[in-house]
Structure formats: C-alpha cells, structure tokens
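The values are calculated or read from the model by the stated rules, or taken from the named source; none is laboratory data. Not measured: the values here are computed from a predicted model. Heads up, the Cβs are rebuilt from the backbone with ideal geometry, glycines too, and the neighbour counts pull from every protein chain shown.
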C-alpha cells in the first residue's frame, strides 16, 4: 500500500479562505439566498433577480455550492437548511447584518502582521471612541442575533423569583428585553457606554418594556456597578478583555450582587486544552486589529474567575453548541 504523501492542499484552502468570506458576504449583499427562496433557482433566473451578469452569477453560485451553502440538482439551486433559516430577508431570524458585521475590518485583517507588531495595547478598542451613530450602526447589525440569544437565555435559565437584572455591556438590551417580556415582575438595567446606552433606550422603547428596563451609561471596567441586582449577565464581550480585567469584572459583579444572586457569563470559549474551536480563537485574534489586551479564554479560565471571586456551584454549559458557553455561579447567602 502506497503511503499518501503530505501535500499543500490544506494550507492552500486555508490561505484562500478569504474567498469564501467574500462569496458569502456578496451573496448576502446581493440577496442571492432571498431570490432563491422566492423561486429563482437557475443561473439565468438568479442573475436576473439580483441584477448581475449571468457569468458572474455562475461563478458565485458555483462557489456557494462548493461551500455547501447551496444545493444543486439538475441545474436548479436550493438553499441549505441554515441558509434558509437565517439568510432569507423578511424572516424574523434574518441574520444578514450579522454576516456583514466584521466586513469593515476586511482591510485590517490584511494588515494583521502590522497590528501584531504593536507594542502598546489598550483595555478598550475602537468601540471606546464610538459616536451615537457608530453605536447605532453597530447594534443594528447585532440586534437580530442578540434577540435570538436573549430568547435562548430565557428558555435555558429559570428566572422565577428574581427581581432585578444587571446586564454588563448589554448593547441593544436584548437579554433584558426578553427577560422582561417573559417575567413581568423583573426589572433590568443595561449598563454600557453612554453612547450605547442611548441607542439601547431606542430598542427598549421599540419593544415596549421601557417601564421596567432602563439603560445606564458607564464603563463597567472602571465605574461602580448599580446595586440591588440578583442576576448579573455579561454576554458576547468576553474576548474583548484580558484575564486580569475579566477577573476584576467578575469580582465587581460578585460584590454588587445581592446574597443568593447569580451571574451568567456568556461568551466564545476555547476548549480547556486551548486547541479550538476556531470561533473563539478567531475572536481572540481579532482583538489584535483593535490593538487591545483582549484574548480568547477557555471554560476553565472562566470557572477560575468565578471561583476566585467567591461564587459557588460554578458550572460551564453549552449555550450554543460549538459557538458559545454559559458559565454561571451563585453568590452565597451568608
């Protein structure tokens, strides 16, 4: 039996991966998946529906099929299941803006080597310089995916009997909005940068929960936390900070919580051996673009932050399998 020789195919596929990113983003921008859902299923029909040359349509569709985003049978295209669920405009689960969320960093990723050579790193990246308009654009892009995560959270976590949520870096307020809708007795505070808090109030009002959900401007890495909460949430901003800062934030949350309260940290976490998944590793490396101290953290790291702060019954569970973990713990009553 002839031993297979090592070749460079895997390396070539990785280094050409930017082509896959570009193909998916262009398909979203052009509305390819929406057109297919509406009935355009051949190259000419899709080309006409999205107003591009048939040759370019064939090129793009071939790439999307190779990426298994589309299925093709006898020359007719259909959307893959996840594409049909999340990338057809008009669907309540439409996540097109989230697919384009990091496109503004496209050129910076091409300059990653220069960013990696930076010697002075900061706590907070470009988001610290946001205007209200920047914050609005940012959270409009993340809103649909955030609301989905908020709905998932209130399905996974029983908040019966809880009175007040403090959401650290809560952005659009998605977690608090969904909690308030499910639990009429709960009040909630979104604690985020002042420009973000201003935008959060718009989403809160849009969802009709402004009587019980408020947004407070502040920097949770520096400022004191509001008191009186029996639930603290910190979601989807874990890789933005280094281990020392996450430890400090978890400690501040522990100190601010009422006895018997609970904290939930939801974020992209590495396996404990720090070999993947690629998603958390990507978000950690992405912090080099902003030249911050942020890194990817493992579940074991997060458990250690909680136990060091004084939390008990600390557990890490999948939040979205392969993407996000939820680490939670209880502040003892005495």
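Which of the residues spanning segment 159-177 are surrounded by fewer than 23 Cβ atoms within 10 Å (Cβ to Cβ) and more than 22 Å from residue 124 (Cα to Cα)? Break it down stepwise before answering.
Let us first name the residues in segment 159-177 that are surrounded by fewer than 23 Cβ atoms within 10 Å (Cβ to Cβ), namely 159-164, 169.
Passing the criteria: 159, 160, 161, 162, 163, 164.
Pairing each residue of segment 257-273 that is in the same structural domain as residue 163 (by TED's automatic domain parsing) and free of Cβ contacts under 8 Å to residues at least 40 places away in the same chain with any residue that is crowded, with 20+ Cβ neighbours inside 10 Å and in a strand (DSSP E or B), provided the two are 6+ apart or on different chains, yields no C-beta distance under 6 Å.
With the requirement that a residue be surrounded by 14 or more Cβ atoms within 10 Å (Cβ to Cβ) and more than 19 Å from residue 96 (Cα to Cα), what does segment 41-55 give you? Reasoning before the result, please.
Of segment 41-55, the ones surrounded by 14 or more Cβ atoms within 10 Å (Cβ to Cβ) are 41-43, 45-50, 52, 54.
If the condition is that a residue be surrounded by 14 or more Cβ atoms within 10 Å (Cβ to Cβ) and more than 19 Å from residue 96 (Cα to Cα), then 41, 42, 43, 45, 47, 48, 52, 54 are the ones that fit.
Could we say that residue 132 is within 15 Å of residue 234 (Cα to Cα) and more than 16 Å from the chain's Cα centre (by Cα) here? No: the conditions fail for residue 132. Please note which helices (runs of 4 or more DSSP H) are completely contained in segment 1-56 and include at least 3 residues that are touching a helix residue (DSSP H, G or I) at 6+ places or on another chain (Cβ under 6 Å) and farther than 15 Å from residue 76 by Cβ. Of the helices (runs of 4 or more DSSP H) lying wholly inside segment 1-56, those with at least 3 residues that are touching a helix residue (DSSP H, G or I) at 6+ places or on another chain (Cβ under 6 Å) and farther than 15 Å from residue 76 by Cβ span 17-30. Within segment 197-214, if we keep just the residues that are out of contact with any strand residue (DSSP E or B) (no Cβ under 8 Å at 6 or more places or on another chain) and either outside the structural domain of residue 133 (by TED's automatic domain parsing) or in contact (Cβ under 8 Å) with a residue 60 or more places away in the chain (or both), the residue that is surrounded by the most Cβ atoms within 10 Å (Cβ to Cβ) turns out to be 199. The set of residues in segment 215-235 being under 16 Å from residue 157 (Cβ atoms) and buried (at least 22 other Cβ atoms within 10 Å of the Cβ) consists of 229, 231, 232, 233, 234, 235. Of all residues in segment 124-135, none that is assigned by TED's automatic domain parsing to the domain that holds residue 294 and crowded, with 18+ Cβ neighbours inside 10 Å has its Cβ atom under 8 Å from the Cβ atom of a residue that is at pLDDT below 80 and not in a helix (DSSP H, G or I), 6 or more apart or on another chain.
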